[in-house]
Amino acid sequence: MSAKVHIHMHVSDLTKSREFYEKFFGLPPVKEKAGYVKFLPEFGPVNLALSERGSVPGSEGPISHLGIQVESSAVVMAQLARVRAAGLPVREEMAVTCCHANQDKFWVQDPEGVEWEVYHLNYDVESEMIPMTPPLAKGGACCASQPRPQVP
């Protein structure tokens, strides 16, 4: 697997958005859960997740967060070391459950408050009753239900 750009969007009508992206990408979602769908189009390195707007704190705007899905936890750790050495504040989350999957990741925030994650998907979590990792500073990242502390 090569790296993929991850976009997590909040939508007002998940059914309409699901139908639009199914037509746009030409394939059904690869994952569907209550209030959540994920698409992996074959023609581009994109991982698009959609969650119902208002289902989590901080989900007022259309963009929840952006990210880069990488091929291994070793790549996550190498990028984490590089970003830390560059002096950027990071929040590390290893073996966390987020968006119906177990992941190793870290987060940074740009000067405008846009949250970015670099992550490796370790495995999918099928249960509907799983605890979600709390969202980053604005409360909108992941598919969580509790505010996440500010990145130092």
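The values are calculated or read from the model by the stated rules, or taken from the named source; none is laboratory data. As the structure is a computational prediction, the values presented were derived from the model and not from experiment. All Cβ positions, glycine included, derive from the backbone under ideal geometry; neighbour counts span all protein chains shown.
So the values come out like this:
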{"read-out": "Test: residue in region 44-57 that is farther than 19 Å from residue 121 by Cβ, surrounded by 15 or more Cβ atoms within 10 Å (Cβ to Cβ) and touching a Pro at 6+ places or on another chain (Cβ under 7 Å)", "value": "yes"}
{"read-out": "Test: residue in region 12-31 that is part of a loop (DSSP other than H, G, I, E, B), exposed (fewer than 15 other Cβ atoms within 10 Å of the Cβ), in contact with a Lys or Arg (Cβ under 7 Å, 6 or more places away or on another chain) and among the hydrophobic types (A, V, I, L, M, F, W, C)", "value": "yes"}
{"read-out": "Qualifying positions in region 54-90 - in a strand (DSSP E or B) and at pLDDT 90 or above", "value": "66, 67, 68, 69"}
{"read-out": "Criterion (over 12 Å from the mean Cα position of the chain (by Cα), of a type in the set (D, E, K, R) and at pLDDT below 95) met by exactly one of 117, 112", "value": "112"}
{"read-out": "Whichever residue in region 32-43 is among the hydrophobic types (A, V, I, L, M, F, W, C) and touching a strand residue (DSSP E or B) at 6+ places or on another chain (Cβ under 8 Å) and, among such residues, is surrounded by the fewest Cβ atoms within 10 Å (Cβ to Cβ)", "value": "40"}
